[in-house]
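K.L.:
There's a structure below that I have some questions on.
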Amino acid sequence: MTLIVGEVRKLLTIRTALWFGLASVALAVLNVVLVSLASGTLDEISEKQEALGGMPLLLLFFGAVAVTAEYRHRTAAPAVLVSGRDPGAVAAARLGATVVVGLGLAVLTTGASFALGVQSSPRTIRAPISRRHS
């Protein structure tokens, strides 16, 4: 568990995760705005799916960058030596950390898209009017 916490801390302290977070929220908001402008509303299920459609691609890019950064910065061997664990445990911790941070990015991006989508859709719920018949 300490390996995963350390890897999550490492992922959150580098600028790449911050920029991916900001870019994913900005692109999600832009996508919702463009889809709602093109369709007029976000009433149909297909329109809602289009508004959320770009997020898996961003998460795939985040995972690729997280994995290739290990090779670029040559941090795999020192991490195994410092942790004192076998390389499989370190790789599993890095995979777990990338999944945790990726889920956080997904929640952040989906929340931004949902909040903007709810704001842009028309209010269709009306309070019932009670009438008394006398």
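K.L.:
Could you tell me whether any residue of the stretch 81-104 is at pLDDT 85 or above, surrounded by 12 or more Cβ atoms within 10 Å (Cβ to Cβ), polar (S, T, N, Q) and in a helix (DSSP H, G or I)?
P.N.:
Among the residues of the stretch 81-104, at least one is at pLDDT 85 or above, surrounded by 12 or more Cβ atoms within 10 Å (Cβ to Cβ), polar (S, T, N, Q) and in a helix (DSSP H, G or I), which makes the answer yes.
K.L.:
Moving on. Can you pull out the residues in the stretch 40-78 that are without any contact (Cβ under 8 Å) to a residue 12 or more places away in the chain, closer than 20 Å to Ile14 by Cα and either in contact with a His (Cβ under 6 Å, 6 or more places away or on another chain) or part of a helix (DSSP H, G or I) (or both)?
P.N.:
If we filter the stretch 40-78 for residues that are without any contact (Cβ under 8 Å) to a residue 12 or more places away in the chain, which is where we start, we get 40, 44-46, 49, 56-57, 60, 64, 68, 71-75, 77-78.
Retained after the next criterion (residues that are closer than 20 Å to Ile14 by Cα): 60, 64, 68, 71-75, 77-78.
Across the stretch 40-78, the qualifying residues are Leu60, Ala64, Thr68, Tyr71, Arg72, His73, Ala77, Pro78.
K.L.:
I would also like to ask the following. Name the pairs whose Cβ atoms lie under 9 Å apart, with the first residue in the stretch 94-110 and in contact (Cβ under 8 Å) with a residue 12 or more places away in the chain and under 14 Å from Ile14 (Cα atoms), the second exposed (fewer than 15 other Cβ atoms within 10 Å of the Cβ) and among the β-branched types (Val, Ile, Thr), and 6 or more positions between them or separate chains?
P.N.:
Matching pairs, first to second residue: Ala97/Val5; Thr98/Val67.
K.L.:
Here is a follow-up. Regarding the stretch 17-29, can at least one residue be identified that is in contact with a Lys or Arg (Cβ under 6 Å, 6 or more places away or on another chain), part of a helix (DSSP H, G or I) and either modelled with pLDDT of 80 or more or of a type in the set (Asp, Glu) (or both)?
P.N.:
no
K.L.:
How many residues, within the stretch 11-53, are out of contact with any helix residue (DSSP H, G or I) (no Cβ under 8 Å at 6 or more places or on another chain) and under 14 Å from Thr110 (Cα atoms)?
P.N.:
4
The values are calculated or read from the model by the stated rules, or taken from the named source; none is laboratory data. Treat the numbers as computed from the prediction; the structure is a model and nothing was measured. Cβ atoms come from the backbone with ideal geometry, glycine included; neighbour counts cover every protein chain shown.
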